[in-house]
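First comes the structure, then the notes that go with it.
The values are calculated or read from the model by the stated rules, or taken from the named source; none is laboratory data. Since we're looking at a predicted model, the values are computed, not measured. Cβ placement follows ideal geometry from the backbone for every residue including glycine, while neighbour counts extend to all protein chains displayed. Side chains are part of the model used for accessible areas, which takes the heavy atoms of the whole protein and leaves out ligands, DNA and RNA. Shrake-Rupley method; radii C 1.70, N 1.55, O 1.52, S 1.80 Å.
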Amino acid sequence: MLRAGIVGLPNVGKSTLFNALVANAKAQAANFPFCTIEPNVGVVAVPDERLEVLTQISSSLQTVPTRIEFVDIAGLVQGASKGEGLGNQFLSHIREVDAIVHVVRCFENDDIIHVSGSVDPGRDIETIKLELALADLAQVERRMERVRKQARANKEAQLELGALEKLLASLNEGQSNREIDFTEDEAQSIQQLGLLTQKPVIYAANVSEDDLATGNDWVEKLKKIADADSAGVAIVSAQVESELIELPEEERADFLSSLGVEEGGLKSLIRATYELLGLRTFLTTGPKETRAWTIRAGMVAPQAAGTIHSDFERGFIRAETIAYDDLVAAGSMVAGKEKGLVRSEGKDYVVQEGDVMLFRFNV
């Protein structure tokens, strides 16, 4: 299962946001730094309205969405790379995730202490980025000392050393390591380092309920920073989300409508995180269950089949495939076949977002 780590300075709303993501999570939310020490972990479903539609078409007994694991990591502060505020411990948790959700405070509230004394998204982001870069710099330098000796007589070590030199130059210049032009072999050689500055990032702009629909000047500043950093942005209100989970399901739509939005920011955050990781969803449906399956973009049909069971990939014959919209328009898989909408795809077929698939295999 893919993991996204929620990071940021203390008191920006990370744990409140996490509690809203995972309604039954028990992350403590309080008005002081380092409230979260051990990371809280919660698994959330990726919102997908298509599942309910397919469940009705197939009269499925159960519906199973695809999921992402979110990790609520304690607030980082200046000096975290050197151990300030238990920083080394927190940074180690970030190394274990696939993507970073960086919560940025974009609201004013005199009752909630800001660790730096004022709201400034640009400064806050630079604080976190610097600490991640310094932690990576120390790790790269240590690794280079070992690899440089091995590189005299080892081609694999020479390859890794070249990748490390690119990283070192980028880190020293304050550039984004996510944009370094590594060869496939170079990228593989440093993968085990779990570098913080190479993880994809999405900024969660935490706003007050009054700014959820339109954003504010801080959000606009954040968007410019994200564009320059090849990162995504989602506007959320931890305050609104914490109120939403206390309301009955039937009252939530009216509450959101009163704020000028159709859905809370968490759904867009979950989707944006999913897309940030370069993921796609294919679907299976039948009387037993309708399910969403996660694959990486570019996977071919046998690889997709392997996410269900290794035997499906090993004995792959073909994939009976229909686009979601075509299936809904036809009303059933049988009707889709009668209209010639169901295709027989082979081993080289690249699975598309929203494909509804039935795999034929023989082991």
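Based on DSSP H segments of at least four residues, each scored -39500 (n - 2.57), the chain has a per-residue ellipticity at 222 nm of -12000 deg cm²/dmol. Computed extension length for Ser242-Asn109: 46.2 nm, one decimal, from 0.36 nm per residue of separation with the Cα-Cα distance subtracted.
Protein heavy-atom accessible surface, 1.4 Å probe, per residue over the chain: 49 Å². Electrostatic bookkeeping for Asn362 treats Lys and Arg as +1 and Asp and Glu as -1; over the other residues with beta carbon under 15 Å from its beta carbon, the sum is +1. With all protein chains present, how much of the accessible area of the chain (probe radius 1.4 Å) comes from carbon and sulfur, to the nearest whole percent? On the chain, the fraction of accessible area on carbon and sulfur atoms equals 47 percent.
Remark on Arg296: its backbone amide H falls under 5 Å from those of Arg280, a criterion applied only to residues 5 or more positions apart or on other chains, H modelled at 1.01 Å from N. Summing Lys and Arg as +1 and Asp and Glu as -1 over all other residues whose Cβ lies under 12 Å from the Cβ of Ile235 gives a net charge of -3.
Under the combined filter of DSSP loop state and at most 16 neighbouring Cβ atoms within 10 Å, region 106-190 retains these trypsin sites (Lys or Arg not before Pro): Arg152. Cross-link partners of Lys14 among lysines, defined as those whose alpha carbon lies under 29 angstrom from its own and excluding same-chain residues fewer than eight positions apart: Lys26, Lys82, Lys129, Lys199, Lys221, Lys223, Lys224, Lys267.
Local charge for Arg291 was computed over the other residues whose Cβ lies under 14 Å away, with Lys and Arg +1 and Asp and Glu -1, and equals -1.
The alpha carbon convex hull volume per residue for the chain rounds to 163 Å³.
Straight Cα distances below 20 angstrom link Lys347 to the aspartates and glutamates Asp311, Glu313, Glu320, Asp355, with same-chain residues fewer than 8 positions distant left out. Counting only protein chain heavy atoms and rolling a 1.4 Å probe, the accessible areas of Glu145, Glu263, Glu186 rank, largest first, as Glu145, Glu263, Glu186. A Cβ-based charge dipole, computed about the Cα centre of region 220-266 with Lys and Arg at +1 and Asp and Glu at -1, lands at about 440 debye.
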